[in-house]
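What follows is a short report on a single structure.
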Amino acid sequence: MPEKTGLVDSIFRVQELADYIVPFAIRVVCDLGIADHLVDGPRPVEELAAATGAHAPSLQRTLRALACKGIFAEVEPGSFALTPLAELLRSDHPLSLRGAYPLLAANFEAWARFDYTVRTGKPAFDHVHGRRYYDYLADAPYDSERFDDIQTAGTRLELRAMLRVYDWDQFDTVVDVGGGNGAFLAGLLARRPGLRGILLELPYVAERAGAVIERAGVADRCEVVAGSFFDTMPEGADAYVLKRVLYDWGDEEAAALLAKIRDAMRNDSTLLVLDPVIEPGNDFDPGKIYDLLSMTMLGGRARSRDELTELFSASGFELTQVIQTDMFPVVEGRPSAARRAPVGAGARASDES
Amino acid sequence: MAAQQPGVVKSILRVQELADYIVPFAIRAVCDLGVADHLAEGPRPVEELAAATGAHAPSLHRTLRALACKGIFAEVEPGSFALTPLAELLRSDHPLSLRDAYPLLPADVTAWAHFDHTVETGEPAFDRVHGRPYYDYLADHPDESRRFDGSVHAQNRLVLRTVLSAYDWGGLGTIVDVAGGDGAFLARLLARHPPLRGVLFDLPHVVARAPAVLERAGVADRCEVVSGSFFDGVPEGGDTYLLKTILHDWDDEAAEAILANVRAAAGRDARLILLEALLEQGDDFHIGKLLDLHSLVLVGGPDRSRDDFERLLARTGFELTGVTSTATLAIMEARPVKVAERRLVHA
């Protein structure tokens with residue numbers, strides 16, 4: 001059979017895309033902190049192994065595999081150095097990704113049964129571990145802190161993106177709803193001295209926020225409220241931020257969360273949702289890939305613009321704009337006219353007229 | 001914040017792509033479901049695909065959408081998917097099909113979830129997680145074992161293609177394929193080169209599957225099948241002894257025992273060919289560098305350089321005479337060291 005040109009290239013591309021060896025190798029070197037030990041220049045793998053508690057020959061094979069994908073370089077036999085990609089795995093890089101890639105066994109035990117999710121539409125995590133992901137985290141401090149690290153790594157990039165595209169000076173008070181350990185809010189307050197912040201997060205996460213806020217030097221302008229955003233919501237703030245929270249949830253819970261915010265906010269408050277916005281077509285969009293993470297771990301979903309518009313509308317919001325960033329877009333919502341009047345017969349009558 | 005170097009965003013996106021495990025799992029799920037086979041005749045709505053494969057339609061839709069943004073499948077109209085050049089390779093009937101190459105094997109993945117154990121101790125995480133060695137586990141799990149075999153066969157197709165065209169196999173006379181499995185490689189070799197004759201040698205339960213394979217390739221009349229263990233001895237009288245990806249599963253002591261038995265069976269003019277992943281120095285990409293970690297985590301196989309093979313061969317009476325690199329396995333050619341020369345070496 002005549003071979004089409006490019007067939008071998010296609011095979012190599014599928015092999016690259018299907019490979020989970022490199023993702024695991026990245027996670028293990030991030031957990032070991034290898035890049036931090038190469039800041040002052042190349043080092044023999046035996047020294048790296050001794051410094052990180054690794055088995056030298058196995059670490060050598062791991063670094064060699066990563067080096068052939070451009071992460072680290074073997075500058076002489078058995079000695080490794082940083083590369084531009086490996087620089088990003090240093091803890092002290094301003095946009096460090098080191099914390100973004102922990103090796104969390106419970107997560108991968110769920111992914112091992114991804115087939116369950118595709119067959120049933122239910123999260124494999126619950127199937128494998130017998131409970132929902134956030135309930136699991138509440139009892140797993142190591143996993144929970146690594147989860148914070150993942151969020152923090154993303155936050156550096158998101159903060160940079162959101163400061164560029166949005167005018168935060170128009171607000172006096174911002175609530176970060178489900179704001180994790182406060183890294184985003186603290187960073188925002190540090191860069192906008194006129195702003196006051198309220199962090200709303202579950203107690204087991206909120207207890208770690210004090211130190212983050214203190215370190216950023218914004219403790220006098222930042223309040224922490226410990227609680228579930230389904231039960232409690234600070235009232236009357238100028239803006240409510242939902243950063244990578246909405247797509248963690250299915251439609252019913254997402255609508256309940258938005259309604260809770262709507263009830264707590266003023267008629268002229270603003271809702272800012274940083275979330276995937278899925279466009280039609282086949283263009284690359286990390287949101288389409290993270291959607292599967294949400295599907296498998298949480299039972300949530302990324303939404304299209306139409307789906308977000310509908311969800312907003314069902315919860316008393318009007319979707320006013322979608323602002324593209326380097327990361328996920330910022331979706332802005334404002335209380336819709338129909339909900340500005342007190343809900344009651346009068347409002348309904350005016351709709352019908 | 002420090003001034004941003006140009007290119008840092010590009011680097012971040014590349015690290016994100018390399019660190020992404022979601023696409024690999026999505027590929028495995030659609031391969032196991034056989035989605036590509038259902039698109040051979042043209043685009044189909046995701047509901048039909050889900051019904052045909054036992055999947056949950058909205059979840060399959062999201063999975064295919066994620067793959068489509070990486071070039072595997074295309075959403076040609078809302079909710080309808082078609083094959084792309086990359087997705088064609090996931091069809092079962094493609095001559096170089098990769099469909100079976102990427103099964104989602106929970107036991108493998110849960111071992112990888114503890115990769116840190118391997119990097120910290122050098123021991124296979126598989127044994128630690130599942131309480132026994134990989135091949136013992138497979139022996140008790142027929143479904144996973146069958147899918148594992150399928151993945152080896154699928155990967156072999158590409159190996160065959162690169163290895164067959166990279167070396168002059170036609171003049172090798174009678175080839176003894178030591179631990180040659182069900183004969184798939186030898187059959188292909190004999191079919192391609194009519195002057196060759198073959199002896200397929202492997203354990204009894206393995207060679208039991210060989211006659212059908214040889215028959216199908218039309219080479220049964222040129223190939224003898226012999227059963228036995230290479231630790232007990234190897235058939236004599238071959239012009240060429242072939243060991244394809246055998247030594248990488250064994251430590252030096254066992255590898256030497258195997259090679260010594262080959263040396264004892266081979267005449268002084270015989271040739272030995274080893275097909276092994278040979279990992280060169282330097283940072284060039286080679287799939288073998290990645291698969292090496294698979295072996296490290298699951299089986300615990302050793303990692304040998306060209307020098308290591310040269311030493312191993314020298315200790316068993318062989319001399320490495322040539323190495324041909326390919327995109328997959330390296331072809332190492334060795335000859336028995338003549339007795340007089342061996343005396344000289346020892347003197």
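The values are calculated or read from the model by the stated rules, or taken from the named source; none is laboratory data. None of the values given here were measured: they were computed from a predicted structure. All Cβ positions, even for glycine, are placed from backbone atoms using ideal geometry, and neighbour counts span all protein chains on display. The protein model used for the area step is the full one, side chains on, heavy atoms only, and it has no ligands, DNA or RNA in it. Shrake-Rupley method; radii C 1.70, N 1.55, O 1.52, S 1.80 Å.
Brief remarks on what is shown
- GNM flexibility winner over chain B from B:D182, B:D149, B:D202 (Cα, springs under 10 Å): B:D149
- Mean Cα-pair separation over length for segment B:65-132, i.e. relative contact order, pairs under 8 Å, 6 or more apart, %: 15 percent
- Considering only chain A, percent of DSSP beta bridges that pair antiparallel, nearest 5: 45 percent
- Amide H contacts under 5 Å for B:T326: B:I331, restricted to partners 5 or more places along the chain or on a different chain, H placed in the peptide plane at 1.01 Å from N.
- Taking amide H as placed 1.01 Å from N in the peptide plane, B:E319 has its amide H under 5 Å from the amide H of B:R335, B:V337, each at least 5 places away in sequence or on another chain.
- Per principal axis, descending, Cα span of the protein assembly as shown in whole Å: 103, 58, 43
- Computed from backbone phi with θ = phi - 60° and the Karplus coefficients 6.51, -1.76 and 1.60, the 3J(HN,Hα) list for segment B:111-121 is 5, 4, 4, 10, 4, 4, 4, 5, 6, 7, 10 Hz; x is used for glycine and proline.
- Here segment A:51-111 is treated as a Stokes sphere of Kirkwood radius computed over C-alpha pairs; at 20 °C and 1.002 mPa s its diffusion coefficient rounds to 164 µm²/s.
- From the C-alpha gyration tensor of chain A, square roots of 5λ in Å: 40, 25, 19
- GNM flexibility winner over chain B from B:A29, B:A52, B:A217 (Cα, springs under 10 Å): B:A52
- Eigen-decomposition of the gyration tensor built on the alpha-carbon atoms of segment B:286-332 gives equivalent ellipsoid semi-axes of 22, 15, 6 angstrom, largest listed first.
- Hydrodynamic estimate: the Kirkwood radius of segment A:103-159 over Cα pairs, inserted into Stokes-Einstein at 20 °C and 1.002 mPa s, corresponds to D of 174 µm²/s.
- Table column - 3J(HN,Hα) (Hz), segment A:198-209, Karplus curve with 6.51, -1.76, 1.60, x for Gly and Pro: 10, 9, 10, 7, 4, x, 5, 8, 4, 5, 8, 6
- Rg/Rh for segment B:13-75 stands at 1.00; both radii use Cα atoms, and Rh follows the Kirkwood definition.
- Pairs of alpha carbons in segment B:105-217 whose separation is greater than 25 Å (percent): 40 percent
- For segment B:120-142, a drop of 20 Å² or more in accessible area on going from the chain alone to the assembled protein chains (1.4 Å probe) is found at B:E120, B:G122.
- The distance linking segment A:2-48 with segment A:69-127 is 10 Å (Cα centroid to Cα centroid, whole angstrom).
- Scaled against 2.2 N^0.38 Å for its residue count N, the alpha carbon radius of gyration of segment B:136-288 is 1.06.
- Geometric descriptor of chain B, per residue, is 196 Å³ (volume of the convex hull of the Cα atoms).
- Under 15 Å from the Cα of A:K69 - aspartates and glutamates, other chains or at least 8 residues apart: A:E16, A:D19, A:E87, B:E17, B:D20, B:E280, B:D283, B:D284, B:D292
- Stokes-Einstein D for segment A:175-327, Kirkwood Rh over Cα pairs, 37 °C, 0.692 mPa s (µm²/s): 203 µm²/s
- Label-to-label distance, B:R216 versus A:A337, with points set 7 angstrom from Cα along the beta-carbon direction: 7.0 nm.
- Largest mean-square fluctuation among B:L291, B:L274, B:L320, in a Gaussian network model of chain B whose springs join Cα atoms under 10 Å apart, belongs to B:L291.
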